[in-house]
Amino acid sequence: MAAKKSVTIEINSEIRDALIEEGARDAYKCYQCGKCSSICPWFQVGTYEFPVHRLGEETLLGLLASSEEKDELAREVDKIYRCVGCEACIDQCPLGVNIPKILRAARRILVDFGSYPETLKSVVQKLRNVANPLGESPERRGDWSSELNVPNYDSRLEYLYFSGCLPAYDVRLKKVANATVRLLQLAGVTFGILGEKENCCGEAVRRIGAEKVYQELTKRNIEVFNAVGVKKIITTSPHCYTTFKKEYPDFGGVFEVFHITQILARLIVEKKIVPQKAFKKKVVYHDPCTLGRQNSIYEEPRIVLRSIPELELVEVENFNHNLSVCCGAGSGGLWQDWQRDERIAEVRVNQLLATGAEVIAVACPYCLQMFEETIKSMGKTTPVLSVSEILYEACGEVF
Amino acid sequence: MEIVVCIKRVPQTAEAEVKVDPSGRDIVKDRLTFDINEADSYALEQAILLKEKYGGSVTAISLGPAEAEDTLRIALAKGADNALRIKEEDFTPLDGYKTALILYNIIKDLKYNVILTGCIATDDGYSQVGPIIAELLGIPHATLVTELEIKDEKAEVVRELEGGLLERLEINLPALFAVQTGINEPRYASLLAIRRAAKKEIKTLGGADIQGEVKSLSVLEKLYVPPVERRAEILSGSMDEISEKLVQIIKEKGLL
Ligand code: SF4
Ligand code: SF4
């Protein structure tokens, strides 16, 4: 008979309590059924084992990131930063356990002690310093709009258009902001921007665990919004959308928030935008986690795409709508340098390309950047376009 | 083995927009993040590695404002046994010499076999503090250390020289080593250690604890952003012409 092995685990209630205090209360709900692990994008990546179903228990035992051995601890911290906040686990969990929030509790403590990946430290640094993750100068935040004739927001205008960081600075993403603005102008929507007064919404930095920097940005934005009398906001990014809508109210910032696809779908239904030029391509739409699963905006982007003459809209088999797989950029993932065979984006790109689509349509700046870079690194050339860009082209306009 | 490591809390400026404040002698810091000075974080790791290998204890010292206690707490969480803050507010303004003199006054009464510092601070970039402490204590030192092993009361040290050369030295202990970044891989602090560190005491010392006069040897007059020199030149012509011109310029500048 084989000898029985016994393992002693010391429960550390102090760590458990500290994590609960930082927001990990959901750990109590988990009964380790394992559904989360099987829906997590890392499961599909297959080269990195991410036992999501054990995180709740590890929290309650106070075992999270607590190894006394240097290399093991490095692996544990890496694990805590593997979650890309896609919330597929929450969606599938029978009890709705919020795993990313549990991990965020650990991240907050680690960030306070500078014990988190250097690449993310640099992002936090830049967000605190210049209010964007690219380290670009705040004075140049409005430059993208210089040839577009967009006024600065004042309360006579209906909407504030909040471009977000990547569309404000990134050469490729500026085109998305451009198309968006021109479509709104075409439809006669009155709106303005904040230019250099716009700060990052803080979504990513909060999910990285740098709560203080997040709150600084939030308070600054709310002040700016209130000072110019903002009531309705249109965002390019689902990440800004979700933050303004669900998190700013906790800090006294209550606004009516719209994702650009909601506005465009309405303008199409109201016939204020009528795409007339054919876009004769097979297009697959990728549901961004933060827009779809996290905010139930599934139909609006599809309404826009379906309104375009001769565009053939296709869906990824099985993994569409709430089962869409993350691009891997959320919760700091955009800045992580995981190995080539450990990339969530590649899994998703393969699913998207398997549809035979000629164009990948996205509704989130992160997805766009992630997919474009990944497709390039895979030696492929399929274009990735935002819903706004495709619609703009179908309105007979080119950049 | 008794190890003392000097660490500094500095603003992270590598990727930041840096502006000079109205006094003209400091930078605007309200939008900067602070962390342990990069080279000091390697010095701290080296201290912990030495302790893990040879036993003994690590004392981390920081001459800094109250917030430097955050940095000392990180040191405790990573494995330092004692932490000591010297109140910067009692001594400002500081130059490299005065900083070293104050640290010397404290360290001389501690037990030590090895003293570690970073080889440069990313804020003022003096690179003076380590060597001056060693001189004042009358012990040997090595700077830009990239390898450090202890053998029979002696340290075997590799240090960087110019032009990619390395120098191997054998140094008698006690000694001071100003370590270069990359000498090791700094660790994370675990949640467990962070909780423990939260309860440990950080000793503070101030002006009253230092005997004698400590004076600066230099005064910071003015801080300014170097004027941008417009030296960019765009070469035009065919590929051959451009290459020709380029070679000429390189020769003229004595680069070849
Ligand atoms: S699906 Fe929910 S209950 Fe099941 S293991 Fe995951 S978190 Fe726990
Ligand atoms: S949020 Fe997404 S990445 Fe994070 S654990 Fe859940 S399924 Fe995995």
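Just a few scattered comments:
- Under a model in which nothing but the beta-carbon of Lys, Arg (+1) and Asp, Glu (-1) is charged, region A:13-116 shows a dipole of about 360 debye around its Cα centre.
- Other residues whose C-beta falls under 13 angstrom from the C-beta of A:Glu216 contribute a net charge of +3, scoring Lys and Arg +1 and Asp and Glu -1.
- Cβ-isolated cysteines (cut-off 4.7 Å), the protein assembly as shown: A:Cys30, A:Cys33, A:Cys40, A:Cys83, A:Cys93, A:Cys165, A:Cys200, A:Cys395, B:Cys6, B:Cys119
- Longest DSSP-loop-exposure-free segment, trypsin sites (Lys or Arg not before Pro), chain B, at most 14 other Cβ within 10 Å: B:112-199
- Number of partner chain Cβ atoms within 10 Å, mean per residue of A:128-134: 3
- Gyration tensor (alpha-carbon) shape descriptor, region B:125-211, a/c threshold 1.5: oblate
- Cα-based shape type of region A:197-346, given that a ≥ b ≥ c are square roots of the gyration tensor eigenvalues and the cut on a/c is 1.5: oblate
- Backbone N under 11 Å from the A:Lys5 label point (7 Å along Cα→Cβ), restricted to region A:36-70: none
- Loop-located GluC sites (Glu not before Pro) in region A:360-399, at most 15 other Cβ atoms within 10 Å (DSSP): A:Glu397
- Solvent exposure ordering (accessible area, 1.4 Å, most first) of B:Asp123, A:Asp112, A:Asp287: A:Asp112, B:Asp123, A:Asp287
- Computed from backbone phi, the HN-Hα couplings of region B:63-79 come to 9, x, x, 3, 5, 4, 5, 4, 5, 5, 5, 4, 4, 5, 5, 7, x Hz, rounded to whole numbers (Karplus: 6.51 cos²θ - 1.76 cosθ + 1.60, θ = phi - 60°; Gly and Pro given as x).
- Space enclosed by the convex hull of the alpha-carbon atoms of the protein assembly as shown, per residue, Å³: 225
- Simple label model, 7 Å out from Cα along Cβ direction - A:Arg25 to A:Val171, nm: 4.9
- Taking every DSSP bridge with both residues inside chain B, close to 40 percent are antiparallel.
- Shielding by partners for peptide A:58-71, expressed as the average number of C-beta atoms from other protein chains within 10 Å of each residue's C-beta, is 3.
- For chain A, averaging the sequence separation of C-alpha pairs within contact (under 8 Å, six or more residues apart) and dividing by the residue count gives a relative contact order of 16 percent.
- Partner lysines whose Cα lies under 29 Å from the Cα of B:Lys108, excluding those fewer than 8 positions away in the same chain, are identified as B:Lys8, B:Lys51, B:Lys53, B:Lys78, B:Lys87, B:Lys98, B:Lys151, B:Lys154, B:Lys199, B:Lys200, B:Lys203, B:Lys215.
- Probe 1.4 Å, protein heavy atoms only - accessible area per residue of region A:119-265 in square angstrom: 35
- Note on region A:48-202: dipole from Cβ charges, positive end direction compared against A:Ile102, A:Tyr153, A:Gly164; the farthest Cα belongs to A:Tyr153.
- In range of the label at B:Thr204: residues from region B:71-86 whose backbone nitrogen is under 15 Å from the point 7 Å along Cα→Cβ: B:71-73, B:83-86
- Net charge of the neighbourhood of B:Gln248, taken over other residues with C-beta under 15 Å away and scored Lys/Arg +1, Asp/Glu -1, is -2.
- Each residue of region B:103-109 was assigned a 3J(HN,Hα) from its phi angle through the Karplus curve 6.51 cos²θ - 1.76 cosθ + 1.60 (θ = phi - 60°); the sequence is 4, 4, 4, 7, 5, 4, 8 Hz, with glycine and proline shown as x.
- Count of lysine pairs in region A:119-265 with Cα separation under 14 Å (8 or more residues apart, or interchain): 5
- Coil-residue trypsin sites (Lys or Arg not before Pro) of region A:317-383, DSSP, other Cβ within 10 Å capped at 16: A:Lys380
- Residues in region A:27-40 carry Karplus couplings, in order, of 4, 5, 7, 5, 10, 6, 6, x, 4, 4, 4, 7, 9, 4 Hz; the curve used is 6.51 cos²θ - 1.76 cosθ + 1.60 with θ = phi - 60°, and Gly or Pro positions show x.
- Local net charge near B:Ile139, Cβ-Cβ under 14 Å (Lys/Arg +1, Asp/Glu -1): 0
- Both radii were evaluated on the Cα set of region B:1-157; the Rg over Rh quotient, with Rh as the Kirkwood radius, amounts to 0.97.
- Low-density loop positions, GluC sites (Glu not before Pro), region A:2-78 - DSSP coil, at most 15 other Cβ in 10 Å: A:Glu10, A:Glu49, A:Glu68, A:Glu69
The values are calculated or read from the model by the stated rules, or taken from the named source; none is laboratory data. Treat the numbers as computed from the prediction; the structure is a model and nothing was measured. Cβ coordinates were reconstructed from backbone atoms using ideal geometry, including for glycine residues, and neighbour counts include every protein chain displayed. To get the accessible areas, we keep the full protein, side chains included, count just its heavy atoms, and leave off ligands, DNA and RNA. Shrake-Rupley method; radii C 1.70, N 1.55, O 1.52, S 1.80 Å.
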